[in-house]
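So the structure is just underneath, and the comments pick up after that.
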Amino acid sequence: MTFEPKAQEATAEQVLYAKVLEAGMYTGLLILFVTFAVYVSGLLSPAVPVDRISSYWTRGVNEYLEVVNHDFLHLEHPPTGWAWLYMVGKGDFLNFIGIAMLGGVTIICYLAIVPTLLRKKDTAYVVMSLLEVCVLTLAASGLLAAGH
Amino acid sequence: MRMNGGWFSELRPRAFLPVVFVLVTPALALAAEPGGGGALAVATGETMPWWGWPLILWVVSLAMGVVAVLGGVGGGVLFVPIISGFFPFHLDFVRGCGLLVALSGALAAGPGLLKLNLASLRLSVPVALIASTCAIIGAMIGLALPTNIVQTALGATILGIVLLMLMARKSVMPDVKQADNLSSALQIWGVYTEESTGEKVNWKIHRTPTGLILFIAIGIMAGMFGLGAGWANVPVLNLVMGAPLKISVATSKFLLSITDTSAAWIYLNNGCVIPMMVVPSVVGVMLGSFVGVRILRVAKPSFVRWMVIVLLLFAGAKALTKGLGLPFIV
């Protein structure tokens with residue numbers, strides 16, 4: 001195939017991706033700032049008191065989760081993966097809504113451009129986009145455990 | 001809540017000069033050393049109000065946002081070595097936070113860059129698929145390894161980045177005589193208008209397989225250290241694959257929104273995200289970026305570039321010595 005420069009405007013799928021990304025980014029950041037304000041103002045009491053958090057963040061994550069669970073949460077297992085959803089009524093865990101939104105917007109962007117790519121019969125990019133959705137969904141799923 | 005006079009009066013001269021960041025970090029380094037006896041070491045005790053560390057983190061992140069824009073580097077590459085080296089937060093949380101800082105910046109810049117057609121979606125999709133997959137692997141490796149090993153490797157990587165900054169040349173418009181077969185098949189090419197000259201620039205890339213292989217390593221490092229990866233993306237896109245510098249910088253920034261997403265989820269799902277650290281950092285770096293863009297018009301680029309190099313050199317040495325358990329001498 002020879003090199004054929006196209007028009008300088010962004011492609012339809014690129015513009016669509018940008019619009020979805022913009023909407024998701026603004027929504028995520030807004031939620032993040034509002035929920036943080038709720039957290040630090042004390043409107044919703046946090047699971048871990050704000051004046052105690054600094055005594056835990058010096059520890060590695062595994063120890064941190066165990067100690068925080070032992071001292072405050074009293075769950076069967078330390079909260080990893082999507083366990084925060086069960087505690088979203090607490091000021092600190094409320095912040096994870098905005099963080100998850102920022103982490104999820106790219107998946108939505110990829111899904112949004114697939115129909116456009118299908119209409120163009122751009123098979124390679126349809127396949128790569130769907131693979132990317134699978135990769136990001138797997139990362140978001142919480143199935144991939146890691147630890148020291 | 002009123003600040004306690006004891007630690008605040010000692011801390012103020014050191015920690016509230018973020019603009020002269022080079023002067024701030026040595027003070028923090030001394031203070032954060034175990035048994036160092038510095039003001040911040042004292043402040044980690046009960047006398048520090050709960051909002052003290054988040055406020056300091058916000059101020060330093062703001063300064064980092066300014067310096068990152070002026071120095072042409074991403075916020076993540078400054079954030080992780082500096083915060084992990086000079087603050088009491090564990091490296092696990094700093095890496096999670098660093099990824100979200102880099103991710104937020106990339107998400108904020110991405111839509112504009114895509115609409116202007118400076119970031120190329122066609123170039124990004126195959127690259128991002130490899131980099132984001134490898135970032136997951138990198139994040140899992142980084143969380144599985146002992147902290148001192150990750151800290152040592154982080155220090156070595158930062159020092160490597162300093163070398164890269166000192167030695168790597170940039171090519172505004174690389175000479176790509178012929179697109180390779182893979183990029184031709186994937187139709188990775190484009191046109192953009194160079195605003196300084198008004199000229200329409202047709203671009204294409206070559207050495208695509210080599211570039212994609214290099215993104216395996218970039219993805220792993222991005223996930224392992226939570227650095228973002230603009231420092232590596234741009235040279236590979238520009239010097240190896242032959243994309244014009246503007247397209248490389250813009251596509252790199254957009255790429256981070258995908259690569260860092262996958263790694264950030266691994267850190268988030270493993271409990272490495274503390275909102276009290278994340279939100280002040282994200283807000284600080286983003287506000288700092290806005291300020292930095294305004295200062296950019298009057299700043300001397302060479303001075304800022306050298307300041308970033310000195311900062312990274314200092315932070316890299318700190319991370320390396322901390323990982324190896326050696327004393328850090330300013």
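The values are calculated or read from the model by the stated rules, or taken from the named source; none is laboratory data. Quantities reported herein were computed from a predicted structural model and do not represent experimental measurements. As a convention, Cβ positions derive from the backbone with ideal geometry for all residues, glycine included, and neighbour counts pool all protein chains shown. SASA here: full protein model, heavy atoms, side chains in, ligands and nucleic acids out. Shrake-Rupley method; radii C 1.70, N 1.55, O 1.52, S 1.80 Å.
Observations on the structure shown:
- Restricting region B:106-137 to residues that are at pLDDT below 95, within 28 Å of B:ARG207 (Cβ to Cβ) and more than 7 Å from chain A (Cβ to nearest Cβ) leaves a set whose member that is nearest to the chain's Cα centre (by Cα) is B:ALA106.
- B:LYS204, sole failed condition from (1) in contact with a Phe, Trp or Tyr (Cβ under 6 Å, 6 or more places away or on another chain); (2) more than 10 Å from chain A (Cβ to nearest Cβ): (2)
- Sole residue being open to solvent by 10 Å² or more (accessible area, probe 1.4 Å) and more than 14 Å from chain A (Cβ to nearest Cβ), chosen from B:LEU186, B:LEU239: B:LEU239
- Of residues in region A:35-68 being without any contact (Cβ under 8 Å) to a residue 12 or more places away in the chain and farther than 25 Å from A:THR80 by Cβ, the one surrounded by the fewest Cβ atoms within 10 Å (Cβ to Cβ): A:SER41
- Qualifying residue in region A:74-93 (condition: surrounded by fewer than 18 Cβ atoms within 10 Å (Cβ to Cβ), under 19 Å from B:ASN269 (Cα atoms), without any contact (Cβ under 8 Å) to a residue 12 or more places away in the chain and among the hydroxyl-bearing types (Ser, Thr, Tyr)): yes
- Here region B:199-216 is the region considered, the condition is being open to solvent by 50 Å² or more (accessible area, probe 1.4 Å) and out of contact with any Pro (no Cβ under 6 Å at 6 or more places or on another chain), and the residue that is nearest to B:LEU103 (Cα to Cα) is B:ILE216.
- A:PRO49 meets the stated requirement of being of a type outside the set (Val, Ile, Thr) and over 30 Å from B:GLY105 (Cβ atoms).
- Some residue of region B:250-258 being crowded, with 24+ Cβ neighbours inside 10 Å, more than 14 Å from every other protein chain (Cβ to nearest Cβ) and modelled with pLDDT of 90 or more: yes
- Scanning region B:106-135 for residues that are open to solvent by 10 Å² or more (accessible area, probe 1.4 Å), under 21 Å from B:GLY76 (Cα atoms) and either in contact (Cβ under 8 Å) with a residue 60 or more places away in the chain or among the acidic types (Asp, Glu) (or both) returns B:ALA108, B:ALA109, B:LEU113, B:ILE130, B:THR133, B:CYS134.
- Checking each residue in region A:95-130 for being within 7 Å of chain B (Cβ to nearest Cβ) and over 28 Å from A:ALA83 (Cβ atoms) picks out A:ALA124, A:TYR125, A:MET128, A:SER129.
- All conditions but one from (1) within 14 Å of the chain's Cα centre (by Cα); (2) within 23 Å of B:ALA144 (Cβ to Cβ) apply to B:LEU256; the one that does not is (2).
- Residue tally, condition at pLDDT below 85, in a loop (DSSP other than H, G, I, E, B) and not hydrophobic (A, V, I, L, M, F, W, C), over region B:70-99: 2
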